[in-house]
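The values are calculated or read from the model by the stated rules, or taken from the named source; none is laboratory data. Quantities reported herein were computed from a predicted structural model and do not represent experimental measurements. FYI the Cβ positions are ideal-geometry reconstructions off the backbone, even for glycines, and counts take in every protein chain you see. For the accessible areas, the whole protein counts, side chains as well, though only heavy atoms, and no ligand, DNA or RNA atoms are used. Shrake-Rupley method; radii C 1.70, N 1.55, O 1.52, S 1.80 Å.
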Amino acid sequence: MDFLGLDGVFMKGPYPGMILTAVGLDGNNYTYPVAYGVLEYENYSSWTWFLKNLGDDLDLTTNSNFTFITDRHKGVLLAIAKLFPCAKNRFFLRHVHENMKRKWRGKEFKDFLWKCETTSTVQQFNLAMEELKKLNNDAYEWLKAIPPQHWSRSHFTRRAHYDALLNNLCETLNRKLVKGRDKPIISYLAFIREYIMKKLVIVQKTIEKCSDPLTPTTTKTLEKSKVEAAKYMVVLCGNGKY
């Protein structure tokens, strides 16, 4: 598991605080809760404590080649930079769009943002950014200030393990946990533990049903790729390469 989503949500009711979560993906491309913790605030100190314990549990070091995806909270960005300087950091694109909507609303701006995000080459990215510049120079300058290696596929390095830019994996867990956020702290922790326990049992049952060497989702993806690959032609380009 080399890709983790990090997020924080508020407690409800008379019990203030934040719950920080780390969520990954299993071999079937389903969300897999990795860690959670309840703290007073979401800040640099709390994220540093949370990530240090996460690193100890997962045997992460300063040289670990991990990819994290976050909501651009300053505290989590600084904590990642301190503890895992070699890790890649992505930004939730939806969070970028929410910030963009404060000044530039409408489908046209959203479409340009997604176009810039989904481009596969730097040349295509630059062309998309130039189109945005013609539409609105201020929006272009605002988006340009966000380093593209954090949010555009065209700038992802080969070391990156996953090209996702949505926070679906964290939001899925948060939606499940929201029902218990107004409980007393001990009851809430028990609520979280019980939910995760049940989810892992479901995962285990899915594994037990697998008869193929790959997971069901991976098998479907492979079969689809095989159909598409059948349309390709193999052409020799010299030196034993095709």
Next item on the list: Kindly provide the set of residues from segment 192-229 that are exposed (fewer than 13 other Cβ atoms within 10 Å of the Cβ), among the polar types (S, T, N, Q) and part of a helix (DSSP H, G or I), ordered by number.
Entry: Gln204, Ser225
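Quickly run through segment 20-40 and pick out the residues that are without any contact (Cβ under 8 Å) to a residue 40 or more places away in the chain, more than 13 Å from the chain's Cα centre (by Cα) and within 12 Å of Leu54 (Cβ to Cβ). Give the steps one after another, and end with the answer.
So the first thing to find is which residues in segment 20-40 are without any contact (Cβ under 8 Å) to a residue 40 or more places away in the chain, and the list is 20, 22, 34-35, 37, 39-40.
If we keep only those that are more than 13 Å from the chain's Cα centre (by Cα) as well, we get 20, 34-35, 37, 39-40.
Hits for segment 20-40 are Leu20, Val34, Ala35, Gly37.
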Next item on the list: Might you check whether a residue that is at pLDDT 80 or above and closer than 12 Å to Val9 by Cβ occurs anywhere in segment 194-205?
Entry: no
Next item on the list: Filter segment 37-65 down to the residues that are open to solvent by 60 Å² or more (accessible area, probe 1.4 Å) and of a type in the set (Phe, Trp, Tyr), then identify the one that is farthest from Ile192 (Cα to Cα).
Entry: Tyr44
Checklist line | Single unsatisfied condition, Tyr232 versus (1) exposed (fewer than 13 other Cβ atoms within 10 Å of the Cβ); (2) under 30 Å from Arg105 (Cβ atoms); (3) aromatic (Phe, Trp, Tyr) | finding: (2)
Note to self: Residues that are over 27 Å from Gly180 (Cβ atoms) and hydrophobic (A, V, I, L, M, F, W, C): does segment 51-64 have at least one?
What the structure shows: yes
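Can you tell me which of Gly24, Gly17, Gly8 is open to solvent by less than 20 Å² (accessible area, probe 1.4 Å) and on the phi > 0 side of the Ramachandran plot? Steps first, please.
Values: Gly24 fails: on the phi > 0 side of the Ramachandran plot; Gly8 fails: on the phi > 0 side of the Ramachandran plot.
Just one listed residue meets the conditions, Gly17.
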Next item on the list: Would you check if there is a residue in segment 141-155 being open to solvent by 70 Å² or more (accessible area, probe 1.4 Å), more than 15 Å from Cys116 (Cβ to Cβ) and either more than 20 Å from the chain's Cα centre (by Cα) or modelled with pLDDT under 80 (or both)?
Entry: no
